[in-house]
Amino acid sequence: MNAFALAPLLLVFPAVGVLFNTFVGRRLVQSDRKTGEMYAGWFASLMAFSAFVVAVLLFFSLRSHEFHAETVHMFDWIVVPSAGFAIPWAIQVDTLSVAMMMMVTGVSTLIHIYAIGYMHGDPGFHRFFAYLNLFLFFMLILVSGSTYLMLFVGWEGVGLCSYLLIGFWFDRQNEEGKAMNADAGRKAFIVNRVGDFAMVLAMILLFLAFKSLDFGVIFGSAVELFAHGEMVTLFGVEMSIGAVLTAVTFLFLLGAAGKSAQIPFYVWLPDAMAGPTPVSALIHAATMVTAGVYLMVRSNVLLEIARQSTLDGVAGASILGLSSPDWIALTGAATAVLAGLIAFTQFDIKKVLAYSTVSQLGFMVAAAGMGAYVAAMFHLITHAFFKALLFLSSGSVIHGMEHGHHHVHEHDHGHDAHGVPEGDAHHEAEKFDPQDMRTMGGLRHKMPITFAVYMVGTLALAGIFPFAGFWSKDEILAHASTNHGAIFTTVYILLTIAAFCTAFYMGRQIKMVFFGSPRHEAAKHASESPPVMTYPLIVLAALSLLGGLLNFPFFTESAYKAAKAAHNFGINLGLEHWLEHSILTFALTEEGVVHMPHTPTWIQMNVAGISTILALVALALALGVVYRKRPQTATERDPLQSTPIWWFAILPFEWFYMHTVVPGFKWLARWLAEVLDGAFWHDFVHDNVIRDLFVGFANFASNVLDANGVDGLVNGSGRLTHAVGSVLRKTQTGYVRNYALGVFLGTVILLAYFIFAN
């Protein structure tokens, strides 16, 4: 089977969805909302599903061609003939990119379908689905590009879509009159620009060192230079390839920290919950935020050469004695713990999950930094399943709470003549927050399907056997535990603490949302979401339960060795055998070029046992001890508010961004608009410089050049002709004697000329 020629359709289908909802969907929704929403939503979903089908066909094509990577050339993009330089627009079809394609398009399809029900009745329904398809378009560019520059186009594109979708409800204001949704979008935009600048610098260094941005060329050249110990010249200085790649990969860390929400740039992700819940699930849990992890896995050759250069003692290949991959691992582990602690303090149901996402991204980044690239991808995929499930389930909870609040608002309170609630009822309607867990409680009876799938997502995230999160998280912990060195030990300890935190705050959330008695009238009247929302949740719940089969480990070392001897792995290590064709450091390690840290391929019972026991203890503490009978009312003080943990709610990073960076950006934007663009460019430059100079020159041309120049020349010619005619007229007397005299004088002049000329 050969479906490689269909690869461009991955980008065509989402692009068609964008165009349809931009130009046709808007008219359909405006003319007939019910029918228009059906066409707009289902057409966008069909385009996402079509892209998923193409990704599946590419999957089977790779299998039938023995996993041989293909590059599908679409057109010449940037060509400089005089320099012999060209960057094509081409799609890289290999096992790594196809794994990302299938995950992105598959999860995206389910979220598109869910959003049809969630966004029902929203005035911007068609615009929302146009943005979703646009995001899918750019995300597929990011994961399918064959060069770093094409990856960067997708990188910037998903950043744009993130800004648009976070601020989708840009006109909504809080009680203080601030446009918090718009501010959240600006915050994400600002923070990500820092990482994007680092990405640009990294690409410049790669181009200067290798004269190319193509993955294959860069990786091949890097291995060749490293194997032979050759130097490269940058800025007139000879440097080892290890030193160059240390700088490049450290810049990649900064880029990934921005996009994948690591310390200190994680602060944008929780505020991104201002966007609609499908946005939180698609962009900020399952796909976009994993771009930094994908970047590191794709760049595994560069990371391992940087690590090996540090081990070999190459000058300039370390930062404070640590390799850049070590810094990546420590950054991810520290982020995992910090975000887990902050999640303890949140009351917004989506913000708890947002900090959970930051924490789980820390696991993935730490895995990539430790050289556990398959484990990083494994957790990336399983996390996409259960975190998308949790975010969409939280949206179902919010939807149910809003339904309950509308019921109370319409039936249980008095209204004035205009239908507005009277007295306290109106005040309560203004203050009600459907995302505040303190107002929930007892929802397991009101929303049984949502409760069931939420429990599946919680157990998967907490790492409870046999859910998907158990297998993927355990593989990362096993890698950190079995490799020797202070870095691996530190990372293992930090990630184990983070795993405990994860189970505790999810137990806290489950208790506050679904157990106990309803703490608000809205919770008493909440109702289950419609099937168009619950069916995708059931599919994601099944994936969260069975996702561990993607890279199912062996139970014992002897079983692994027996399977290896027989060359028959069955369903075991499926993802590892799939990705080893794209992660080139597997082959380089076998050749002895680098020494990639080894990931165990069988269950480490001690690691699995410790993590499982800690998770169960954390759940028991949350459900049965700390929150056993609390809270009973919406205003009751949270048990953790009297502990030191509560200080994580006011960490300086959050304060710094919201009180300095974002206001500074808004001031700068106003200054640029009102002073630089308005007062200077339009008023001074346009009015005083361009307009006045033009008017002055026009007056000069009219009054001087035209009046005195052109008109003077024409009128002067007339006056000169008149004067000459007046003189000549005197010679025309009419007397024959005068004419005879003239002939005589002429004859004399001619005779004189001929005599003296000779």
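Read the figures in this text as sums done on the coordinates, not as results from a lab. Just so it is clear, the structure is predicted and the values come from calculations on it, not from any experiment. Here Cβ is always computed from backbone atoms with ideal geometry, including for glycine, and neighbour counts include all displayed protein chains.
Shown in residue order for segment 201-213 are the 3J(HN,Hα) couplings computed by the Karplus curve 6.51 cos²θ - 1.76 cosθ + 1.60 at θ = phi - 60°: 4, 4, 5, 4, 4, 4, 5, 5, 7, 10, 6, 6, 10 Hz (x for Gly and Pro).
How large is the Kirkwood hydrodynamic radius of the chain, counting all unique pairs of alpha carbons, in Å?
Evaluated over the chain, this radius sits at 29.3 Å.
Measuring spread by the Cα atoms of segment 57-165 yields a radius of gyration and Dmax of 16.8, 56 Å.
Looking at the square roots a ≥ b ≥ c of the eigenvalues of the Cα gyration tensor of segment 481-603, which shape do they give, rounded for a/c under 1.5, prolate if a/b is larger than b/c, or oblate? Because a/c hits 1.5 or more and a/b exceeds b/c, segment 481-603 counts as prolate. Against the chain, whose longest principal axis is taken from its Cα atoms, helix 9-20 shows a tilt of about 70°. Contact order for segment 311-369, expressed relative to its length and based on alpha carbon pairs under 8 Å spaced 6+ residues apart, stands at 45 percent. Taking Cβ atoms as reference points and 11 Å as the exclusive limit, the residues near Val593 contribute a net charge of -4, counting Lys and Arg as +1 and Asp and Glu as -1. The relative contact order of the chain, computed from alpha carbon pairs under 8 Å that lie at least 6 residues apart in sequence, is 11 percent. Determine, at each q value in 0.15, 0.28 (inverse angstroms), the log₁₀ of I(q)/I(0) that the Debye formula gives when each Cα of segment 694-740 is one equal point scatterer. For segment 694-740, the Cα-only Debye profile gives -0.57, -0.91.
Here is the P(r) of segment 243-383: all C-alpha pair distances, binned every 5 Å from 0, give 2, 12, 22, 22, 17, 12, 7, 4, 2, 1, 0 in whole percents.
With neighbours defined as other Cβ atoms within 10 Å of a residue's Cβ, the residues Asp171, Asp214 order from fewest to most as Asp171, Asp214. Between the amide H of Leu234 and those of Met239, distances stay under 5 Å, these residues lying 5 or more places away or on another chain, with hydrogens modeled in the peptide plane. Each of Ala563 and Tyr535 was given a label point 7 Å from its Cα along the Cα-to-Cβ line. The distance between the two points is 3.6 nm. Over segment 456-504, Cα pairs under 8 Å with separation of 6+ residues give a relative contact order of 32 percent. A dipole drawn for the chain from +1 and -1 charges on Cβ atoms has a positive end, and of Thr733, Phe555, Tyr294 the residue lying farthest that way is Thr733.
By the rule of a C-alpha distance below 17 Å, with chain neighbours fewer than 8 residues away ignored, the lysines paired with Lys351 are Lys187, Lys387, Lys511. What does the charge add up to near Phe219, with Lys and Arg as +1, Asp and Glu as -1, over the other residues with Cβ less than 13 Å from its Cβ? Summing Lys and Arg as +1 and Asp and Glu as -1 gives -3.
Over the residues of the chain, the helix contribution to mean residue ellipticity at 222 nm works out to -21000 deg cm²/dmol, using -39500 (n - 2.57) for each DSSP H run of at least 4. Compactness ratio for segment 34-91: Cα radius of gyration over 2.2 N^0.38 Å (N = residue count) comes to 1.78. For a test of the definition: using alpha carbon positions, the gyration tensor, and the 1.5 limit on a/c, classify segment 481-544 as rounded, prolate or oblate. Note, shape of segment 481-544 comes out oblate.
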